[in-house]
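Presented below is the structure to which this report refers.
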Amino acid sequence: MRKLALVRRPGPRVAEGLVTHLERSPVDPDLALRQWQGYVDALHAEGWRTIEVPPADDCPDAVFVEDTVVVYGDVAVISRPGADQRKPETAGTEQELRGLGYRIEHIEAPETLDGGDVLKHDGTVWVGLGGRTTPGAVDQLRAHLAPLGAVVVGVPLAKVLHLKSAVTALPDGTVIGWDPVVDDASVWERYESVPEEPGCHVVVLDESTVLMSSAAPRTRARFEERGLRVVAVDIGELEKLEGCVTCLSVRLRGAPGPT
C-alpha cells in the first residue's frame with residue numbers, strides 16, 4: 001500500500017470556518033496550526049509522505065482538504081462543495097492530482113458533493129445525502145466510478161454535516177459510529193457503536209493501525225482491546241469547526257504515480 005497523503009495547512013481565517021450542527025466557540029488559529037502540524041507529524045512518523053496542496057487563504061475551511069475530491073483507483077473526482085464559500089478550494093487539489101497522473105473527473109453544476117460525505121471500503125462507496133451532497137451528484141459519482149467496479153450507495157443523513165462525521169471504517173471493514181448521530185445503522189452489515197463522538201472517526205494507516213482523536217480515550221481502549229495499534233492526535237481546535245481526523249487529509253493508497 002502506498003502511503004501518500006494530500007494535506008493543506010490552516011489559513012489565517014480558519015477561526016471563521018463554517019459550523020452547522022455545533023454552537024460556535026472561539027478558535028485559536030495559532031493552536032489550530034500547531035495541532036495540524038502534529039497531525040502531519042504523526043503521518044510522517046508512520047511512514048506516510050505528505051504533499052501540501054497550495055494555500056487557499058480566503059477560504060476558512062480549506063484545511064479540511066478531504067472535501068475537495070473523491071479518489072478511487074486512478075480516478076480523482078473533483079468535488080463541487082455544497083457551501084459556496086468553499087467552491088474555490090478545489091483548484092489546488094486538482095492541480096496536485098493532475099501532477100501525480102490521476103485521471104480527472106468533475107462533479108458538474110448544479111449538483112454538489114463534499115468529499116467528507118464519502119466512505120469507501122472494499123469496492124463499496126457510501127455517500128451521505130441530506131447535507132452538502134445532492135442525489136444528482138451521487139448519480140454523477142456512480143457514473144465516474146462504475147467503470148472501476150465500485151458500487152455507489154446513497155445514505156440519507158440528517159444529524160451531522162457529513163457521513164464521515166457519523167461513521168468511518170476500521171481496517172477489517174467494521175463500520176463504527178456514534179449512535180446519537182447515526183440515522184440508520186442497518187445500512188452496514190457490520191456496525192459497532194462507540195462510546196464517544198470523536199471515537200467514530202478513524203484514519204486507517206495500515207492493516208493494524210488507525211489514527212484517531214485523543215479526545216476519545218474510552219474508544220481508543222476498545223480499539224486496542226481488539227488488537228489495533230492506535231495513534232492519537234489532539235485536533236481540538238479543528239473539532240470546534242466540525243472537523244475530524246479524516247477530513248484533514250486525502251489518503252492516496254493506490255496508483256498512479258511513484259510511491
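Of all residues in the stretch 143-175, which are assigned to a strand (DSSP E or B), free of Cβ contacts under 8 Å to residues at least 40 places away in the same chain and within 25 Å of Val19 (Cα to Cα)?
Result: Gly154, Val155, Pro156.
Which of the residues spanning the stretch 159-184 are hydroxyl-bearing (Ser, Thr, Tyr) and buried (at least 17 other Cβ atoms within 10 Å of the Cβ)? Steps first, please.
In the first step, residues of the stretch 159-184 are kept if they are hydroxyl-bearing (Ser, Thr, Tyr); the result is 165, 168, 174.
Result: Ser165, Thr168.
Going through the stretch 48-71 one residue at a time, which ones are in contact (Cβ under 8 Å) with a residue 60 or more places away in the chain and either in a helix (DSSP H, G or I) or surrounded by fewer than 20 Cβ atoms within 10 Å (Cβ to Cβ) (or both)?
Selection gives Thr50, Val65, Glu66, Asp67, Thr68.
Which residues, taken from the stretch 87-124, are part of a strand (DSSP E or B) and surrounded by 21 or more Cβ atoms within 10 Å (Cβ to Cβ)?
The initial filter retains those residues of the stretch 87-124 that are part of a strand (DSSP E or B), namely 103-106, 113, 118-121, 124.
Leu113, Val118, Leu119 - these are the residues of the stretch 87-124 that are part of a strand (DSSP E or B) and surrounded by 21 or more Cβ atoms within 10 Å (Cβ to Cβ).
Ala169: under 17 Å from Tyr72 (Cα atoms), under 15 Å from the mean Cα position of the chain (by Cα) and among the aliphatic types (A, V, I, L, M), yes or no?
Values: under 17 Å from Tyr72 (Cα atoms): yes; under 15 Å from the mean Cα position of the chain (by Cα): yes; among the aliphatic types (A, V, I, L, M): yes.
Judged against the criteria, Ala169 is a match.
In the stretch 72-85, what count of residues is obtained for those that are outside any loop (DSSP other than H, G, I, E, B), in contact with a helix residue (DSSP H, G or I) (Cβ under 8 Å, 6 or more places away or on another chain) and either in contact (Cβ under 8 Å) with a residue 40 or more places away in the chain or surrounded by fewer than 23 Cβ atoms within 10 Å (Cβ to Cβ) (or both)?
5
Looking at the structure I just gave you, is Lys120 over 19 Å from Ile235 (Cα atoms), among the basic types (Lys, Arg) and modelled with pLDDT of 95 or more?
Yes, satisfied.
Listed residues Leu31, Leu43; which is of a type outside the set (Phe, Trp, Tyr), loosely packed, with under 15 Cβ neighbours inside 10 Å and either in contact with a Gly (Cβ under 6 Å, 6 or more places away or on another chain) or touching a residue at least 12 places away in the same chain (Cβ under 8 Å) (or both)?
From the options Leu31, Leu43, the qualifying one is Leu31.
Could you list, in sequence order, all residues of the stretch 212-259 that are assigned to a loop (DSSP other than H, G, I, E, B), within 17 Å of Pro171 (Cα to Cα) and not charged (D, E, K, R)?
Gly227, Leu228, Val245, Gly254, listed by residue number.
The values are calculated or read from the model by the stated rules, or taken from the named source; none is laboratory data. What you are looking at is a predicted structure, and each value in this text was computed from that prediction instead of being measured. A quick note on method: Cβ atoms are made from the backbone with ideal geometry, for glycine too, and the neighbour counts reach across all protein chains shown.
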